[in-house]
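Shown next, in structure tokens, is the structure this report addresses.
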Amino acid sequence: MKITDARVIVSAPGRNYVTLVVETDDGLVGYGDATLNGRELAVASYLSDHVVPLLIGRDAHRIEDTWQYLYRGAYWRRGPVTMTAIAAVDVALWDIKGKAAGLPVYQLLGGAARDGVMVYGHASGGDLDGLDADVERHLAQGYKAIRVQSAIPGLDATYGIAGASPVYEPASGARPQEDRWETSAYLDFAPRLFEHVRDRFGYGVHLLHDMHHRLSPIEAARVGAALEPYRPFWIEDPTPAEDQSAFRLIRQHTTTPLAVGEVFNSIWDAQQLITERLIDYIRTSVSHTGGITHLRRVFSLAELYGVRSGSHGAGDLSPVSLAAALHVDLSIPNFGIQEYMGHLAAAEEVFTVGYSFRDGYMHPGDLPGIGVSFDEEAAKRFPYDPKYLPVNRRLDGSVHDW
Ligand code: EZ4
Ligand code: CO
């Protein structure tokens with residue numbers, strides 16, 4: 001089965017998505033997600049200019065060979081642009097293989113290792129009362145696990161607050177929005193946030209929290225220890241993620257479970273974290289870590305060391321990526337949890353999905369392949385809308401991690 005055509009479509013149904021469409025001489029079509037929030041066109045060019053010409057004429061069944069060919073064959077390795085491009089090709093080929101076999105991809109990965117995939121939703125508020133209302137809304141929808149974020153008194157704009165939109169989206173504007181940060185304001189607030197939510201809702205729901213790379217190791221250690229009585233499911237991205245050794249210091253001071261990995265793009269980013277058991281959950285995503293082929297390799301390494309999966313699943317992963325993640329989640333032994341933010345209504349005009357949510361669990365569905373179709377004509381109604389992720393500054397004006 002030869003690849004006869006491949007093309008990249010950049011559209012913005014609610015937000016920007018880069019979608020790879022791969023066609024074969026058997027008449028099968030596969031879809032991959034190549035979205036890199038705020039840097040969309042770099043991946044689109046990497047694919048159109050450098051990868052698509054290499055795909056034409058290749059055997060669509062040879063997924064591993066194509067992965068190795070694109071990774072090793074480029075000489076230049078890793079990096080979010082490269083690995084997002086490879087991911088899109090990889091997922092499109094798994095989609096095609098599933099369609100050729102007449103099976104959902106999770107069946108090709110060994111079949112279901114569980115009945116459903118526990119997901120966590122995002123609750124946030126402009127203050128703690130606003131957060132309560134959003135937690136209540138998620139509990140009413142059946143969520144068993146909820147990420148809790150609140151605006152921090154004294155800081156005007158900070159990460160993770162949805163505002164009026166039903167789906168949190170940090171990217172905006174023709175220039176990056178500038179957020180403000182001061183760690184001292186956060187350090188005392190985080191335990192108060194957890195105390196408040198546990199007092200109000202008890203211990204029957206898993207609570208998660210994202211620190212979004214802002215703390216130093218010793219600050220993260222202090223917050224982790226202070227949160228222990230409130231039993232967080234995890235704290236996410238406590239420190240800037242490229243410094244793997246920082247986690248050793250955090251680990252020495254707290255038993256609060258640690259999660260990291262949404263900005264990772266290769267198994268090498270997590271090698272020390274996993275093999276030294278410095279984390280509890282690895283959050284690599286299917287779309288930024290080289291697709292199903294490489295994500296499974298990361299999770300297999302993690303399995304050896306008792307580290308569980310907790311894949312990134314923000315709205316900037318298209319429905320194709322969310323579905324691909326669900327196939328992996330359902331089939332691996334060391335699944336932990338899956339992030340689920342959902343997509344805006346406009347996305348439903350372009351992507352038709354086979355996955356479902358019920359009672360806090362998701363299932364990828366049983367359509368052949370990945371189970372998401374992409375309407376190229378409908379996508380034309382939503383032209384690319386350039387946006388940037390925010391830049392973070394401390395109160396003294398210096399640039400801080402966002
Ligand atoms: O900031 O996906 O856990 N989720 C997150 C996300 C990320 C965005 C960046 O594009 O941290 O909200
Ligand atoms: Co995060």
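FYI, it's all coordinate maths here, none of it is from the lab. Here the structure is a predicted model, which is why all the values come from computation and not from measurement. Please note: Cβ atoms are built from the backbone with ideal geometry, for glycine as well, and neighbour counts cover all protein chains shown.
Quick rundown of the values:
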| item | result |
| --- | --- |
| The lone exception for THR35 - which of (1) over 24 Å from GLU242 (Cα atoms); (2) assigned to a loop (DSSP other than H, G, I, E, B); (3) touching a residue at least 40 places away in the same chain (Cβ under 8 Å); (4) not charged (D, E, K, R) it fails | (1) |
| Qualifying strands (runs of 3 or more DSSP E) (wholly inside region 286-402; at least 1 residues being in contact with an Asp or Glu (Cβ under 9 Å, 6 or more places away or on another chain) and more than 26 Å from ALA6 (Cα to Cα)) | 361-363, 391-394 |
| Some residue of region 288-295 being among the aliphatic types (A, V, I, L, M), surrounded by 22 or more Cβ atoms within 10 Å (Cβ to Cβ) and away from ligand 1 (no atom under 13 Å from the Cβ) | yes |
| Test for VAL22: is it away from ligand 1 (no atom under 16 Å from the Cβ) and buried (at least 21 other Cβ atoms within 10 Å of the Cβ) | yes |
| Where VAL167 falls short, out of the listed (1) over 20 Å from GLY154 (Cα atoms); (2) away from ligand 2 (no atom under 16 Å from the Cβ); (3) surrounded by fewer than 18 Cβ atoms within 10 Å (Cβ to Cβ) | (2) |
| Region 296-315, subset in contact with a strand residue (DSSP E or B) (Cβ under 8 Å, 6 or more places away or on another chain) and closer than 17 Å to VAL119 by Cα, residue nearest to ligand 1 (Cβ to nearest atom) | ALA314 |
| Given (1) assigned to a helix (DSSP H, G or I); (2) crowded, with 17+ Cβ neighbours inside 10 Å, index of the condition MET118 fails | (1) |
| Some residue of region 343-356 being within 16 Å of ligand 1 (Cβ to nearest atom) and in contact with a Leu (Cβ under 9 Å, 6 or more places away or on another chain) | yes |
| Residue within region 246-265 that is among the basic types (Lys, Arg), assigned to a loop (DSSP other than H, G, I, E, B) and surrounded by fewer than 19 Cβ atoms within 10 Å (Cβ to Cβ) present | no |
| Inter-residue pairs, beta-carbon under 8 Å, first within 16 Å of ASN334 (Cβ to Cβ) and in region 308-321, second away from ligand 2 (no atom under 12 Å from the Cβ) and of a type in the set (D, E, K, R), 6+ apart | ARG308/ASP280; SER309/ASP329; SER311/ASP329 |
| Number of the exception - PRO153 against (1) part of a loop (DSSP other than H, G, I, E, B); (2) within 16 Å of ligand 1 (Cβ to nearest atom) | (2) |
| Members of region 239-272 found to be among the β-branched types (Val, Ile, Thr) and within 16 Å of ligand 1 (Cβ to nearest atom), listed by number | THR239, VAL260, VAL263 |
| Hits in region 198-236 (condition: within 13 Å of ligand 1 (Cβ to nearest atom) and either farther than 25 Å from ASP129 by Cα or out of contact with any strand residue (DSSP E or B) (no Cβ under 7 Å at 6 or more places or on another chain) (or both)) | HIS212, HIS213 |
| Residue count, region 216-245 (criterion: of a type outside the set (Phe, Trp, Tyr) and in a strand (DSSP E or B)) | 2 |
